[in-house]
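Report on the structure given below.
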Amino acid sequence: MRLPPALLPALLTGLLVSPLVPHAVSADPVAPPAPAVRDFGNGPERNEVAADVPERAEARAAARSEQAEQPGILSHDRGYPRRTRLPVPPENPADASIKLGLVPHHGIAPRLNDLQQRGDRVSAQVIGRSYGGRDLYLVTVTAPESAAETREQERIRDRIENDPAAAARDRKLVKRYKAPVFVNANIHGNEWEGTDAALRVIEELATSKDPKVADLLARTRLYFNITANPDGRVTGVRQNGAGFDLNRDFVTASQPEVRAMRQIMIDAQPVTMIDLHGYVNGTLIEPTTPPHGANYEYDLFIQNTYANGLGMEAAVNGLGYTVEKDGVYPAQIPFRDSAEGWDDWPPIFTPQYAPFHGAVAAHTVEIPLRVNGSDYTQLPVEELRRRSAINTDVAAAAIRSTYAFVRDRHDRLIADQIEVFRRGAAGEPSKTVPLGIVPGFGPEDVYTTTFPRAYVITGRRSEAAAARLVDHLIANDVRVERARHAFRADGRTYPAGSYVVDMRQPKRGLANVMLEAGADISPRVDAMYDISGWSHGLLWGAGVDGVTSLRVQADPVKAAAPTGSVPRTPGALALKVSDAKDVLALNDLLAQGTAVTWADGAAIVPASARQAAREVSERYGVVFTPAGTPADMASGAPLSQVRIAAAASADELFTLRELGFSVTPVSTAALNAGYDWSGTDVLFVSSGLSYTALNPAARTALDAFLTTGGVITRGGTGAAFNAAAGLLTATAVAGRGDANGVVRVLSTGGPVSGQVGGGSPDHSFVYSPRWFTGLGPEVTVEQSYAAEGPLVSGHWRPDADGTGGQDAARGQAAVVSGRDERGATVVLFGTEPMFRNHPKGLFPQVAKALYWASSVTGAAVKG
Ligand SMILES: [Zn+2]
């Protein structure tokens, strides 16, 4: 389910509590009033428990390689079935599924190998590997096809996407096309039964003699991602092996499992999808409450999604489970039954991402009976298995109901998918959905946006950042072009080689949801389910402009052009750290032992290391410039590899490692057990470390480190550490805990944010924002919240007592730095520069803090 484990016990004690805000017509007269959902991903102080994620070399390598276009996973030159012998993993008796009587990960491949032999309808393949290295399985169930028939299906799919106006005119097309349906299971590892239901349904379809099934498979292709998160399935946790919630990662695609799901949706182009979760009792079936994402073709989406939701509800209720006998409440549909709290605003969830690839019905389904968390460890095995059996029945009913829906509404769903792409390709304005288009669709449900004519992406901040954004768009199947010549738009001149995203394209909704600034929706809704703001346009470090006219000669690109250069002039070289690629290049140079100095946010590389500079420039696409005078260079401090001890959340550990830093996870317990500080240059604190909870020996050792080391903190845990350890003179003020989004910031100077390469971006990201007052004379304000807003997009209201709102944050210090009197170099972040690996343009700010903190104090002790 979408709720974090921390909130589960409170919200779902027993079977009684609906997680949604109370609604007028309760399906459940005996349920006590439900608390309003304030589920903000990981709670106000997210990830309280520090992550301890093992570093995997291959994952690191994969993360470092660009997310450029992946090869497709569905080949079109072979017919169906495609019987592939799947490799069987070694048996793992510790697989958490076994206790529930469910299929362990190692049991899936044998089942699929067997099902492929039992008829001619089932094809299975490995489409990738999880972070932890486990196989991901895609199963296609359809009536047999010759190679020519498969090619014809692909031609139709391509025409629907790429020539939708012609596809709309071709009356025969929808009749010939097999409607694609996507069933995604187990994206949260400890919500198991979608996998087992999928296997059950596949077996039914494989062996059924029912002519209706034959008819279904002649007119559809059913795709099953058997377990989207095998790491979590095996270990019985929500996240994957990297500690990421995969159902928050679709805008960023930092994880291999998400890139695999994305590719399924691009290649299969499903008209309908369901994402199977647990546990909400009664079964929760989307469509959602407002706010609704403004970039969908929502009139088409809500009609189909509501219709399938009602069908699934009837199927689930029709199983006959009751409150009295089984503890199973009737199903609920948030759109109909709740006012707020379960929205489809951020496209970070699978069913909120799928519509951009043509799904005109998409649903989260939450099966009812909890078997994870404390229930997993405390309930008798018999009870757990009773619940899992019911959950599997419910998930299977939802799947069957969905494919029956697609069979019955086949032509219309395909026509509606064509219409989604047609509107995009034609560049039609955002549609205002008529009230009452489905019962209950009111003014509170209406959200629209304005599409620019195009976006122009330039390397004016960083060539590498522009290239990253372009490759990310292309990996998301967004069309990008490159200007042949300089051109003008909206009064600005753009150089040849600028990238252009023409918004007249079939997937313009996806392009816009990533590149637009977003909206401040604080006034419109009380509570949001998860994040409310994101923006690749504002947070990824590239120059991105929406323009209202487009006259340019441009060519389509399959990948961003190579970047990087080293000046021909002899002498020392400067590498300005303005992008993650610059950080990687610098860390590579440091790992080679290159003598580098650090001054004003840039690394100075001596002329003698020119060859090494050339190599990393090519490897990472970074730009070196001529360094200043020898006198300038002498002002720098020697820099060596930064060794970090981090009490941090999983996304922060992942990001620091992705940047090429050496990171050792620590915690209160780790320090109390005795920690050798001699190999640490900088301590990063955001989670899981309390100074006051340290034992005397640990405190003494840490205090000794603080006379020479650097400290970087983030969030409430970090601010508490700063205060308890007596570092900088600063009072941290907490904004409202659920506030989040993109904020306007002003970089005001200091070693971290203010100086080089135009300083840091004008925007940052916050989640439970903080600011710093009562600053001592040793403290420098690096960055402050803008006097206007400061929220650009997201949700940020004051607390009930009127404090903690946007207006209270205006002009306040968001990031500060300084040296405490003992000598420690300290940077305090009130923003969230590494949140879920998303705001790529902010990563260099963290790196600069690390280099500064390490070079100023670390140099002396390293000798
Ligand atoms: Zn879930």
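Out of curiosity, is Glu161 in contact with a helix residue (DSSP H, G or I) (Cβ under 9 Å, 6 or more places away or on another chain), more than 16 Å from the ligand (Cβ to nearest atom), open to solvent by 50 Å² or more (accessible area, probe 1.4 Å) and closer than 30 Å to Leu276 by Cβ? For Glu161, the condition - in contact with a helix residue (DSSP H, G or I) (Cβ under 9 Å, 6 or more places away or on another chain), more than 16 Å from the ligand (Cβ to nearest atom), open to solvent by 50 Å² or more (accessible area, probe 1.4 Å) and closer than 30 Å to Leu276 by Cβ - is not met. Whether any residue in region 663-673 is more than 18 Å from Trp852 (Cα to Cα) and in contact with an Asp or Glu (Cβ under 6 Å, 6 or more places away or on another chain) is what I want to check. Yes: region 663-673 contains one or more residues that are more than 18 Å from Trp852 (Cα to Cα) and in contact with an Asp or Glu (Cβ under 6 Å, 6 or more places away or on another chain).
Looking at region 550-575 only, could you name the residues that are open to solvent by less than 30 Å² (accessible area, probe 1.4 Å), within 24 Å of Phe451 (Cα to Cα) and touching a helix residue (DSSP H, G or I) at 6+ places or on another chain (Cβ under 9 Å)? Ala560 - this is the single residue of region 550-575 that is open to solvent by less than 30 Å² (accessible area, probe 1.4 Å), within 24 Å of Phe451 (Cα to Cα) and touching a helix residue (DSSP H, G or I) at 6+ places or on another chain (Cβ under 9 Å). Can you name every residue in region 357-377 that is open to solvent by 10 Å² or more (accessible area, probe 1.4 Å) and either within 13 Å of the ligand (Cβ to nearest atom) or assigned to a strand (DSSP E or B) (or both)? Arg370, Gly373 - these are the residues of region 357-377 that are open to solvent by 10 Å² or more (accessible area, probe 1.4 Å) and either within 13 Å of the ligand (Cβ to nearest atom) or assigned to a strand (DSSP E or B) (or both).
Within region 190-214, the set of residues being within 16 Å of the ligand (Cβ to nearest atom) and of a type in the set (Asp, Glu) comprises Glu191, Glu193, Asp196. Which condition breaks for Leu246 when tested against (1) away from the ligand (no atom under 16 Å from the Cβ); (2) free of Cβ contacts under 8 Å to residues at least 60 places away in the same chain; (3) closer than 19 Å to Leu276 by Cα? The single condition Leu246 does not satisfy is (1).
Here Thr288, Thr272, Thr305 are screened, and the one residue that is touching a residue at least 40 places away in the same chain (Cβ under 8 Å) and within 16 Å of the ligand (Cβ to nearest atom) is Thr288. For region 343-356, the criterion of being in contact with a His (Cβ under 6 Å, 6 or more places away or on another chain), open to solvent by less than 10 Å² (accessible area, probe 1.4 Å), in a helix (DSSP H, G or I) and within 30 Å of Ala253 (Cα to Cα) is met by at least one residue. State all residues of region 783-805 that are in contact (Cβ under 8 Å) with a residue 60 or more places away in the chain and open to solvent by 30 Å² or more (accessible area, probe 1.4 Å); if no residue qualifies, say none. If the condition is that a residue be in contact (Cβ under 8 Å) with a residue 60 or more places away in the chain and open to solvent by 30 Å² or more (accessible area, probe 1.4 Å), then Arg797, Pro798, Asp799 are the ones that fit. For region 405-436, a residue qualifies if it is open to solvent by 50 Å² or more (accessible area, probe 1.4 Å), closer than 19 Å to Ala359 by Cβ and part of a loop (DSSP other than H, G, I, E, B), and the qualifying residues are Arg409, Lys431.
Quick one: count up the residues across region 378-391 that are within 16 Å of the ligand (Cβ to nearest atom) and surrounded by fewer than 24 Cβ atoms within 10 Å (Cβ to Cβ). Matching residues across region 378-391 total 1. Inside region 806-819, residues that are outside any strand (DSSP E or B) and open to solvent by 10 Å² or more (accessible area, probe 1.4 Å) make up a count of 6. Checking each residue in region 249-259 for being within 16 Å of the ligand (Cβ to nearest atom) and not aliphatic (A, V, I, L, M) picks out Asp249, Phe250, Gln255, Glu257. Anything in region 310-324 that is without any contact (Cβ under 8 Å) to a residue 24 or more places away in the chain and part of a loop (DSSP other than H, G, I, E, B)? List them, or say none. Those that are without any contact (Cβ under 8 Å) to a residue 24 or more places away in the chain and part of a loop (DSSP other than H, G, I, E, B): Gly320, Thr322.
For region 73-98, a residue qualifies if it is touching a helix residue (DSSP H, G or I) at 6+ places or on another chain (Cβ under 7 Å) and open to solvent by 60 Å² or more (accessible area, probe 1.4 Å), and the qualifying residues are His76, Asp77, Arg78, Arg83, Arg85, Pro87, Val88, Pro90, Glu91. Restricting Ala179, Ala168 to those that are in contact with a His (Cβ under 6 Å, 6 or more places away or on another chain) and either surrounded by fewer than 19 Cβ atoms within 10 Å (Cβ to Cβ) or not hydroxyl-bearing (Ser, Thr, Tyr) (or both) reduces the list to Ala179. Sub-6 Å Cβ pairs linking a first residue in region 210-233 that is free of Cβ contacts under 8 Å to residues at least 24 places away in the same chain to a second residue that is open to solvent by 10 Å² or more (accessible area, probe 1.4 Å) and part of a strand (DSSP E or B), at least 6 apart or interchain, number zero. Residues in region 787-805 that are outside any strand (DSSP E or B) and either within 20 Å of Arg714 (Cβ to Cβ) or of a type in the set (Asp, Glu) (or both): Glu788, Pro790, Trp796, Asp799, Asp801, Gly804. The set of residues from region 571-597 being part of a loop (DSSP other than H, G, I, E, B) and touching a residue at least 40 places away in the same chain (Cβ under 8 Å) comprises Gly571, Ala572, Val577, Ser578, Asp579, Ala595. For region 714-773, the candidate set comprises residues that are of a type in the set (D, E, K, R) and modelled with pLDDT of 95 or more; within that set, the residue that is most open to solvent (accessible area, probe 1.4 Å) is Arg744.
Looking at region 227-238 only, could you name the residues that are assigned to a loop (DSSP other than H, G, I, E, B) and either more than 11 Å from the ligand (Cβ to nearest atom) or touching a Phe, Trp or Tyr at 6+ places or on another chain (Cβ under 7 Å) (or both)? Within region 227-238, Thr227, Gly236, Val237 meet the criteria. Could you check region 518-529 and list, in sequence order, the residues that are at pLDDT below 95 and within 22 Å of the chain's Cα centre (by Cα)? Passing the criteria: Ala527, Met528, Tyr529.
The condition (being of a type in the set (Asp, Glu) and either closer than 22 Å to Ala242 by Cβ or at pLDDT below 90 (or both)) is satisfied by just one residue among Asp120, Asp114, Asp135: Asp135. In region 132-155 there is at least one residue matching the filter, namely being open to solvent by 40 Å² or more (accessible area, probe 1.4 Å), touching a helix residue (DSSP H, G or I) at 6+ places or on another chain (Cβ under 6 Å) and touching a residue at least 24 places away in the same chain (Cβ under 8 Å). Comparison of Gly241, Gly282 shows that the only residue that is more than 14 Å from the ligand (Cβ to nearest atom) and out of contact with any helix residue (DSSP H, G or I) (no Cβ under 6 Å at 6 or more places or on another chain) is Gly282. Of everything in region 444-491 that is part of a loop (DSSP other than H, G, I, E, B) and of a type in the set (Ser, Thr, Tyr), the residue that is most open to solvent (accessible area, probe 1.4 Å) is Thr450. Would you mind stating whether Thr402 is hydroxyl-bearing (Ser, Thr, Tyr), assigned to a helix (DSSP H, G or I), more than 16 Å from the ligand (Cβ to nearest atom) and open to solvent by less than 20 Å² (accessible area, probe 1.4 Å)? Considered against the rule, which asks whether it is hydroxyl-bearing (Ser, Thr, Tyr), assigned to a helix (DSSP H, G or I), more than 16 Å from the ligand (Cβ to nearest atom) and open to solvent by less than 20 Å² (accessible area, probe 1.4 Å), Thr402 comes out as yes.
The values are calculated or read from the model by the stated rules, or taken from the named source; none is laboratory data. Keep in mind it's a predicted model, so treat the numbers as computed, not measured. Ideal geometry is used to build each Cβ from the backbone, glycine not excepted, and the neighbour counts take in all protein chains shown. Accessible surface areas use protein heavy atoms only, side chains included; no ligands, DNA or RNA. Shrake-Rupley method; radii C 1.70, N 1.55, O 1.52, S 1.80 Å.
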